[in-house]
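*Asks:* For reference, the structure I am asking about is given below.
The values are calculated or read from the model by the stated rules, or taken from the named source; none is laboratory data. Quantities reported herein were computed from a predicted structural model and do not represent experimental measurements. Using ideal geometry, Cβ is built from the backbone for each residue, glycine included, and neighbour counts are taken over all protein chains shown. Accessible surface areas use protein heavy atoms only, side chains included; no ligands, DNA or RNA. Shrake-Rupley method; radii C 1.70, N 1.55, O 1.52, S 1.80 Å.
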Amino acid sequence: EKAGYDHFMLKEIYEQPKAYRDTMLGRINTESLTVSLPELKLTKEKIAAIRKVHIVACGTAYHAGLVGKTVIETSARIPVEVEVASEYRYRSPLITPETLVIVVSQSGETADTLAALREAKKHGAHVLAITNVVGSSVAREADSVMLTLAGPEIAVASTKAYSSQLIAFFLLGVYLAETLSTQEQAWTKSIVAAMLSLPEQVESILENTDALRTYAESIAEHEHLFFIGRGVDYAVAQEGSLKLKEISYIHSEAYAAGELKHGTLALIEDGIPVIALATQNALLEKTVSNIKEVKARGGEIFGISDVNEVKALGKAVDEVFGIPATNALLTPALSVVPLQIISYYASLARGNDVDKPRNLAKSVTVE
Ligand code: M6R
């Protein structure tokens, strides 16, 4: 059932190109480069009446929501808040009937997420569920359901479910922009065209993972590691950090690159590994200056950037991994892949049970 792979996690990482294709299939018109999402069950009038969006989820699904915020705010110009479900439900959030509440859950059974959904419905919000499981509790109780078509995810560490949630947010962002005319058609079409290339681009990353494996083996001896990035790179950094902690048990923290000097820089000493995401070309110069701050304190930096920027970054870092070039908003669907691979091989090198990390369960049905 592992189809020749040593672990479910590795199999699921390699299933991402298919998961992307399946999640886009039937929702993208490849000729007009437009998106249709009848499953939202929202008329144009209802969409126009949305004043704010709340994205509520736990763990990795919450990290997908952080990317979703940037996607929706950029494309639809509607303010978005993202919150972990266990906090959201206990603080009387300001939910009105003009709030669109998006709950994100791979399993559709996470107790805190389900409780947040019920809270939102109680206040009259329209609840949209982004979930991977048809007929799950979250799917049954939401007003509308957008399925990620990643297929069953067995490994405790979420990989293809996360990245398919990103695809769902891209589709949603484009659809909202089309409906509200908040962006030029040329803009939405260029996003859709770039989305269609993502499956092949992931395949190209997965073709040769030797450098990632070697790097993973080198960090396996460390106890602490940092991830840094700006914008959506920061959101992906948080996901990469969770993945690493979850299965390798290496302590790691993700920081917004510009925030380091406000305290965390004190922790950087000789030989500390730092993974720097720098895929946002518009922010590259700023990120490079943060990288230099780390380098000057002895940090060993592994950079991840767009292939076109590898040279520019190469001088500032110890090692660099290039991901295929795409639209700046879509980079998380590519940049997360090397981070998944690094976590996998670091866990393996430490002799851990990759698919069943200690203390964790696949579905968290207690609050
Ligand atoms: O099934 P859900 O998406 O609701 O699960 C939420 C989290 O428990 C889950 O993403 C968890 O953080 C993963 N084990 C991370 O890999």
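*Asks:* Around A85, under 10 Å between beta carbons, what's the net of Lys plus Arg minus Asp minus Glu among the other residues?
*Replies:* Net of charged neighbours comes to -4.
*Asks:* Something else now. Given points 7 Å out from each Cα along the Cα-Cβ axis, report the R358 to A48 separation in nanometres with one decimal.
*Replies:* Here the answer is 5.8 nm between the modelled labels.
*Asks:* Sort the following peptides by mean Cβ neighbour count (other Cβ atoms within 10 Å, averaged over residues), highest first: 265-272, 185-192, 130-137.
*Replies:* Per-residue mean Cβ counts within 10 Å order the peptides as 130-137, 185-192, 265-272.
*Asks:* Return the percentage of antiparallel bridges among DSSP beta bridges fully within the chain, rounded to the nearest 5 %.
*Replies:* Taking every DSSP beta bridge within the chain, about 5 percent pair in antiparallel fashion.
*Asks:* Compute and list, largest first, the equivalent-ellipsoid semi-axes of the chain from the alpha carbon gyration tensor, each √(5λ) rounded to a whole angstrom.
*Replies:* 32, 23, 21
*Asks:* Could you give the angle, 0 to 90 degrees to the nearest 10, between helix 232-248's Cα long axis and the longest principal axis of the Cα atoms of the chain?
*Replies:* Roughly 70 degrees between the two axes.
*Asks:* OK, next. For K52, list the aspartates and glutamates whose Cα falls under 12 Å from its own Cα; do not include residues on the same chain fewer than 8 positions away.
*Replies:* Partners within reach: E73, E81, E98.
*Asks:* Kindly sort K122, K245, K311 by accessible area of their heavy atoms, largest first, with the probe set to 1.4 Å.
*Replies:* Descending accessible area places them as K311, K122, K245.
*Asks:* Tally Lys/Arg at +1 and Asp/Glu at -1 over every other residue whose Cβ is under 9 Å from the Cβ of R118; what's the total?
*Replies:* +1
*Asks:* Between beta-carbons, use under 13 Å as the cut-off and find the net charge around L360, counting Lys and Arg +1, Asp and Glu -1.
*Replies:* +2
*Asks:* Take the Cα radius of gyration of region 110-186 and divide it by 2.2 N^0.38 Å, with N its residue count; two decimals is plenty.
*Replies:* The reported ratio for this selection is 1.25.
*Asks:* Over the chain, calculate the relative contact order: mean separation of alpha carbon pairs under 8 Å at least 6 apart, over the residue count, as a percent.
*Replies:* Reported as a whole number, the value is 19 percent.
*Asks:* Can I ask one more? Angle between the Cα long axis of helix 111-122 and the longest principal axis of the chain, 0 to 90 degrees, nearest 10?
*Replies:* Taking Cα atoms only, the helix is inclined about 30 degrees.
*Asks:* Looking only at E39, E217, E83, which one moves most when the chain is put into a Gaussian network model with springs between Cα atoms under 10 Å?
*Replies:* Highest fluctuation among the options: E39.
*Asks:* Would you mind calculating the gained length between K311 and E200 on full extension (0.36 nm times residue separation, minus the Cα-Cα distance), in nm to one decimal?
*Replies:* Difference between extended and current length: 37.6 nm.
*Asks:* OK, next. Please compute the per residue accessible area over the chain with all protein chains in place, 1.4 Å probe, rounded to a whole number of Å².
*Replies:* 41 Å²
*Asks:* Here's another thing I want to ask about it. Any idea what % of Cα-Cα pairs in region 236-282 are farther than 14 Å?
*Replies:* 57 percent
*Asks:* A follow-up question, please. With label points built 7 Å along Cα→Cβ from the Cα atoms of E217 and K245, find their separation and express it in nm.
*Replies:* 2.8 nm
*Asks:* Further question: Which stretch or stretches of region 1-30 have amide N atoms under 14 Å from the point lying 7 Å from A349's Cα along the Cα→Cβ direction?
*Replies:* It comes to no residues whatsoever.
*Asks:* Using a Gaussian network model of the chain with C-alpha springs under 10 Å, which one of E293, E259, E45 is most mobile by mean-square fluctuation?
*Replies:* Of the options given, E45 has the highest mean-square fluctuation.
*Asks:* Kindly express, to the nearest 10 degrees and within the range 0 to 90, the angle between helix 284-296's C-alpha long axis and the longest C-alpha principal axis of the chain.
*Replies:* 40 degrees
*Asks:* Report, in listed order, any pair from K41/K121; K261/K315; K11/K243; K11/K356 with a Cα-Cα distance greater than 19 Å.
*Replies:* Flagged as over cut-off: K261/K315.
*Asks:* Taking K311 as the anchor, which aspartates and glutamates have their alpha carbon closer than 12 Å to its alpha carbon, excluding any fewer than eight residues away along the same chain?
*Replies:* By straight Cα distance, K311 reaches E319.
*Asks:* Suppose R0 equals 30 Å. What FRET efficiency, 1/(1 + (r/R0)^6) with r the Cβ-Cβ distance, do I78 and H262 give to the nearest 0.05?
*Replies:* It comes out at approximately 0.50.
*Asks:* Something else now. Leaving out ligands, DNA and RNA, and with a 1.4 Å probe, what % of the accessible surface on region 102-174 is carbon or sulfur?
*Replies:* Roughly 56 percent, rounded to a whole number.
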